[in-house]
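The next block holds one structure in the form of structure tokens; read it before the comments.
The values are calculated or read from the model by the stated rules, or taken from the named source; none is laboratory data. Nothing here was measured: the structure is a model prediction, and the numbers come from that model. In this analysis, Cβ positions are derived from the backbone assuming ideal geometry, glycine residues included, and neighbour counts consider all displayed protein chains.
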Amino acid sequence: MVNKNKTVLFGLYDDETDLIRAIRKAKAAHIEIDEVYTPFPVHGLDPELDLKESRLHIAGFIYGAMGTLTAFLFMSWVFTRDWPIIFGGKPYWSVPAFIPITFELTVLFSAIGMVVTFYTICGMGPGANNPILHDRITDDKFCIAFDVEGGSQDHHGDDHHPVDVEKLKDFFKTTGATEVQTKVI
Amino acid sequence: MRRMLKPNKFMSAPISNIREPLITGSKTYHQITEDLIGPTEKVPGFAWIAGVMTSLALLAFGGVAIFWTIWYGIGSWDLNRTIGWGWDITNFVWWIGIGHAGTLISAILLLFRQKWRMGVNRSAEAMTIFAVMCAALFPGIHMGRIWMAMFIFPYPNTRGPLWVNFNSPLLWDVFAISTYFTVSLLFWYTGLVPDFATVRDRAKGFRKKIYSFLAFGWTGKAKHWQRWESLSLILAGIATPLVLSVHTIVSFDFATSVIPGWHTTIFPPYFVAGAIFSGFAMVLTLMLIVRKVLKIEDYITIGHIESMNKVILCTGSIVGVAYLTELFIAWYSGYVYEQFAFYNRALGPYWWSYFGMMSCNVITPQFFWIKKIRRSVAWTFVLSIVVNIGMWFERFVIIATTLARDYLPSSWSYYVPTWVEVGIYVGTFGLFFTLFLLFLRVAPVVAAAEIKSILKTAGDQYTGPNATHHAHHDDHGHDDKHEDLKLPADSNSFMDSNRNVATAPIVEKTKRTNTQEETTSYQKIEDDPEVYKGKEIDTNLDPDDPNYKSSFVAGAVGAGAGLTSLGTHEDDLKKVEGIGPAVEKLLKEGGVKNWKTLAAANPEQLKELLVEAGGTFKTMDPTTWPLQAQMADEGRWAELEKWQDDLDGGKIS
């Protein structure tokens with residue numbers, strides 16, 4: 001979560017087609033988009049916003065590998081070092097019998113790890129209170145938000161330019177936004 | 001209030017009009033919210049309260065039976081030296097099996113990109129979780145001293161430490177089922193979070209507080225959706241082998257023993273198939289009621305029911321084959337104990353349970369070969385209950401008939417459950433339905449956000465026989481495009497005109513906005529290259545780009561009726577996904593010799609060509625071929641390959 005309050009100007013669109021078209025226009029006009037909110041996963045949106053592929057699957061693999069090692073090494077240690085017992089005349093270190101539990105723990109570690117990671121990096125969790133721009137965003141409106149207090153910058157220069165709010169409002173008007181609001185979050 | 005449906009420029013183009021719509025009633029996004037979130041906002045009616053009361057009464061009866069068991073011990077179940085397992089393990093396996101459908105629908109069907117899963121995945125997953133809770137109860141109390149239940153987990157203890165036996169299938173069960181429960185819960189809840197956010201944003205007062213907590217602070221950011229989808233996909237990926245492993249391990253409880261009738265290698269696949277079979281039956285039983293009561297027939301359509309019935313038919317047939325295989329192997333093995341076990345099952349004192357199993361599981365699902373029955377709600381309801389009765393008999397047959405007559409004839413007996421065992425089973429129904437009814441009130445029963453994401457590809461106003469928005473018409477908003485857009489025969493100018501047309505939807509959009517003022521300001525921006533480099537966008541076309549698609553189709557339509565040959569050189573048309581050697585031959589005979597020509601062709605013309613050719617050609621969908629060909633022609637191989645990964649046999653999946 002961002003500690004500092006920021007002021008955003010956001011516009012709502014009725015359709016994902018309008019949203020994508022507006023995003024393209026913003027990009028073409030070099031207006032930096034702060035955030036896009038949608039009521040459902042809009043396919044084809046990620047490349048438009050230049051979002052990199054999520055690396056969650058790498059985390060999932062690492063957690064899974066940790067599960068594999070934990071389960072296998074622990075069972076091996078128990079039955080060869082800590083308390084060796086012969087079951088049914090099999091060797092102490094009976095690898096095939098370890099496979100089911102090793103598999104289950106791989107899945108368990110991977111799932112729990114990924115879910116916890118997901119909520120952590122998204123700043124979410126039980127009772128988390130993230131600012132909500134508009135009540136209809138989780139219903140049927142598609143939202144583009146601009147940071148109007150220095151967050152946005154003109155790509156042509158290195159300096160922060162004061163954002164031309166009127167220009168942004170104009171942008172929303174011309175791209176078919178049905179509602180435009182300013183909010184401090 | 002219902003918003004006027006806008007033509008869809010983004011997703012409608014690649015839709016096949018052959019597929020049955022998954023969402024009926026010409027929904028809008030907001031209407032979906034109203035329909036699916038609405039039920040959580042109403043005060044429960046009499047039927048719901050009566051249902052909960054009944055369930056709680058059953059649960060209370062189960063509670064008494066469980067208390068009885070714990071107070072007097074397992075002896076109150078009439079289990080003894082030979083009959084160590086009775087109704088308890090029968091019910092355990094039955095409930096676990098029912099749970100499997102939820103994971104199958106949400107995970108395996110997600111991997112297979114079956115969109116119909118979205119109508120039922122939420123409730124099926126809930127069913128999974130509740131069914132696993134019911135199942136886990138049985139081995140828990142079967143251990144007798146339930147306050148010692150932690151002994152089943154490996155933890156450092158004062159007994160040596162003496163560890164649990166990691167080589168035992170019973171312990172594998174502990175790990176499998178606890179993992180299965182946890183992963184199912186995480187998967188289900190993660191899917192629920194965006195919908196809880198929708199409930200939150202519509203709620204007021206105290207309800208808002210509760211749902212704010214449940215929604216975990218979800219806002220719907222694009223990046224969060226991306227991660228959410230990635231997470232769902234990977235959880236589905238790992239839940240798929242998990243669900244198969246769970247019932248495999250449950251079957252190991254039997255298969256690794258030395259009891260005739262149990263120690264067969266066919267058990268794992270046969271158990272998994274049986275689990276899916278019974279699970280789908282339970283999903284149907286529940287959803288047929290739920291869709292009626294909550295009036296969500298538009299989201300769980302007859303098409304959904306038919307799809308599930310097909311799964312039942314398939315897995316039911318697998319189960320049937322497994323039964324017959326068991327019989328055959330018993331005879332063919334020449335092993336007298338095995339032969340006796342099966343003879344005893346079919347013709348011994350428990351013949352009635354074997355008969356019930358065979359008729360309910362093998363014969364009744366075969367009715368689903370008939371399309372009318374597959375699509376009949378009444379038939380499906382009855383048969384789904386019959387299937388679950390049959391699957392309960394299957395577990396009873398496996399457990400009771402085998403144990404009642406073991407190796408020693410002197411210890412043979414006839415096992416009958418006591419009221420305590422029956423009571424616990426009844427109690428689990430109480431638990432299951434109490435939880436399920438609460439779920440119906442608290443959470444959106446159908447995954448609303450996911451349904452919205454398929455609206456434009458599976459809504460009945462976009463696809464199917466009643467579609468009012470046909471892709472090509474939508475893309476331009478003017479049906480007179482044939483006259484409007486003249487395409488020069490020269491290929492270069494074709495590309496140019498293509499680009500120009502790309503702006504057509506945007507201009508059209510401006511026309512749709514009513515006020516003159518907006519139109520002028522828009523054009524002003526577009527005219528000013530410093531502010532809006534409109535032309536630049538058009539050169540960066542990609543296949544996901546609606547303008548690209550639409551412009552292309554428009555350009556091609558303008559080409560006129562016949563297929564214009566552009567150049568005489570020949571290319572390998574098979575590079576286009578969906579075109580095989582036979583189609584290539586057909587196209588080349590039809591004058592389409594190279595990528596360029598194919599690129600300029602219009603899918604409708606290609607379709608005509610295919611229909612004329614008849615046979616299997618008729619069913620092919622050439623919608624994407626021109627686009628693919630264009631990429632090939634322009635040498636954008638990486639892009640083409642990437643796109644082809646998403647395509648399903650050349651069709652947009």
**Request:** Sort through A:Gly60, A:Gly89 and tell me the only one that's outside the structural domain of A:Ile144 (by TED's automatic domain parsing) and on the phi > 0 side of the Ramachandran plot.
**Result:** A:Gly89
**Request:** Please enumerate the residues belonging to the stretch B:161-177 that are part of a helix (DSSP H, G or I) and either more than 7 Å from chain A (Cβ to nearest Cβ) or in contact with a Gly (Cβ under 8 Å, 6 or more places away or on another chain) (or both).
**Result:** B:Pro169, B:Leu170, B:Leu171, B:Asp173, B:Val174, B:Ile177
**Item:** Single residue of A:Ile101, A:Ile85 found to be without any contact (Cβ under 8 Å) to a residue 60 or more places away in the chain and part of a loop (DSSP other than H, G, I, E, B)
**Value:** A:Ile85
**Positions within the stretch B:213-256 being assigned to a helix (DSSP H, G or I), more than 7 Å from chain A (Cβ to nearest Cβ) and of a type outside the set (A, V, I, L, M, F, W, C), in sequence order** = B:Ser232, B:Gly237, B:Thr240, B:Pro241, B:His247, B:Thr248, B:Ser251, B:Asp253
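Report those helices (runs of 4 or more DSSP H) wholly inside the stretch B:302-382 carrying at least 2 residues which are buried (at least 21 other Cβ atoms within 10 Å of the Cβ).
Values: elements: B:302-333, B:336-347, B:351-357, B:371-374.
Counting at least 2 such residues, we get B:302-333, B:336-347, B:351-357.
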**Asked** Inside the stretch A:1-45, can you point out the residues that are part of a loop (DSSP other than H, G, I, E, B), of a type in the set (S, T, N, Q) and facing another protein chain (nearest Cβ under 10 Å)?
**Response** A:Thr38
**Asked** Filter the stretch B:401-421 for residues that are out of contact with any helix residue (DSSP H, G or I) (no Cβ under 7 Å at 6 or more places or on another chain) and in a helix (DSSP H, G or I); which is nearest to B:Trp77 (Cα to Cα)?
**Response** B:Trp419
**Request:** Would you confirm whether any residue within the stretch B:616-628 is of a type in the set (Phe, Trp, Tyr) and surrounded by fewer than 20 Cβ atoms within 10 Å (Cβ to Cβ)?
**Result:** yes
**Item:** Count - residues of the stretch A:114-163 that are at pLDDT below 90, over 25 Å from B:Thr33 (Cα atoms) and in a loop (DSSP other than H, G, I, E, B)
**Value:** 16
**Any pair with Cβ under 6 angstrom, 6 or more apart, that starts in the stretch A:46-65 at a residue that is facing chain B (nearest Cβ under 8 Å) and part of a helix (DSSP H, G or I) and ends at one that is buried (at least 19 other Cβ atoms within 10 Å of the Cβ) and polar (S, T, N, Q)** = A:Asp46/B:Gln226; A:Gly60/A:Ser110; A:Gly64/A:Thr106; A:Gly64/A:Ser110
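Only one residue in B:Val243, B:Val283, B:Val258, B:Val250 is of a type in the set (A, V, I, L, M) and without any contact (Cβ under 8 Å) to a residue 12 or more places away in the chain, so which one is that?
Values: B:Val243 fails: without any contact (Cβ under 8 Å) to a residue 12 or more places away in the chain; B:Val283 fails: without any contact (Cβ under 8 Å) to a residue 12 or more places away in the chain; B:Val250 fails: without any contact (Cβ under 8 Å) to a residue 12 or more places away in the chain.
After applying the criteria, what remains is B:Val258.
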**Request:** Report whether or not B:Thr103 is of a type outside the set (A, V, I, L, M), in contact with a Ser or Thr (Cβ under 9 Å, 6 or more places away or on another chain) and closer than 19 Å to B:Leu284 by Cβ.
**Result:** yes
